[in-house]
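The block underneath contains the structure these notes are about, expressed in structure tokens.
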Amino acid sequence: MNDPTGSSAAALSRAMAAGRITAEAVMAAHLDRIEALNPRLNAIVSLRPRDQLMAEARAADRGSRKGWLHGLPVAVKDLAAVAGLRTTWGSTIFRDHVPAADDVVVARMRAAGTIFIGKTNTPEWGLGSHSFNEVFGVTRNPYDPARTAGGSSGGAAAALAARLVPVADGSDMMGSLRNPAAFCNVYGFRPSWGLVPGDPIGDSFMSTMATLGPMARCPEDLAHLLAIMAGPHPA
């Protein structure tokens with residue numbers, strides 16, 4: 001596998017399970033690409049230090065395989081809480097907020113072996129079809145940086161299109177998975193409401209209009225990530 005960033009998440013997962021490539025090599029390739037392209041695109045924010053991520057990748061290679069996402073680098077949309085990783089909701093109010101616990105879907109991805117490398121940019125509170133906020137600035141389209149990547153999952157869509165991550169999560173109320181996917185030539189899938197559980201906190205009316213869902217460069221990856229995200233939760 002000459003360039004891991006050019007492979008689907010499913011192909012990488014199969015290759016890693018078969019011992020044909022290491023999580024360390026996959027991580028290094030993606031971080032190299034992020035260093036080269038992300039300064040222009042601003043798709044990934046709150047990127048963790050390279051030495052920490054490489055250490056986690058080597059630990060994944062030594063450890064037992066946890067699931068389909070084992071050892072794969074993923075950046076979570078900055079509307080979902082990741083324990084120990086700055087989560088801002090694109091708002092200056094939460095500029096320095098670091099959650100103590102994962103949201104439900106994030107915990108499921110972690111249990112499947114994900115290595116969380118950072119967050120993907122979003123408009124403040126996820127409100128808008130253009131991924132800009134006053135904490136991180138604007139996310140640009142990988143095909144034409146003069147144009148928008150869409151929103152509110154614009155950071156995720158741009159990161160996928162630029163091959164900065166193999167697969168991504170997003171969320172959608174009025175097109176926030178589908179719009180940026182279309183703008184960036186990737187797939188964004190809005191599941192039926194309730195298939196992917198949200199956390200039982202905050203507003204209980206508007207939340208029923210939105211749902212979490214997967215984003216990917218191919219339908220196979222969408223299906224695999226949806227299988228991890230979906231399913232009942234006791235809360």
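The values are calculated or read from the model by the stated rules, or taken from the named source; none is laboratory data. Here the structure is a predicted model, which means the values were calculated and not measured. No Cβ is skipped: glycine too gets one built from the backbone with ideal geometry, and neighbour counts run over all protein chains shown. When the accessible area is computed, the model is the full protein with side chains, heavy atoms only, and any ligands, DNA or RNA have been set aside. Shrake-Rupley method; radii C 1.70, N 1.55, O 1.52, S 1.80 Å.
Laid out as a table, the results:
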quantity: Accessible-area composition of the chain, carbon plus sulfur, in percent [1.4 Å probe]; calculated: 56
quantity: Positive-end residue of MET109, HIS97, ALA59, charge dipole of the chain with Cβ unit charges; calculated: ALA59
quantity: Extension gain from ALA18 to ASN185, taking 0.36 nm per residue of separation minus the Cα-Cα distance; calculated: 57.1 nm
quantity: Unit Cα scatterers, Debye sum, segment 1-113: log10 I(q)/I(0) for q = 0.16, 0.17 Å⁻¹; calculated: -0.80, -0.90
quantity: Segment 6-63 versus segment 86-146: alpha-carbon centroid distance in Å; calculated: 18
quantity: Ellipsoid semi-axes in whole angstrom, largest first, where each is sqrt(5λ) of the Cα gyration tensor of segment 54-180; calculated: 25, 17, 12
quantity: Estimated distance in nm for a label pair at ALA227 and ASP203, the labels positioned 7 Å out from Cα along Cα-to-Cβ; calculated: 3.5
quantity: Nitroxide proxy distance, nm - points 7 Å out along Cα→Cβ at ASP32 and TYR143; calculated: 2.7
quantity: DSSP beta bridge pairing in the chain, given as percent antiparallel to the nearest 5; calculated: 75
quantity: Residues of the chain: accessible area per residue with a 1.4 Å probe, Å²; calculated: 43
quantity: Rh by Kirkwood over Cα pairs, then Stokes-Einstein D for the chain at 1.306 mPa s and 10 °C, µm²/s; calculated: 92
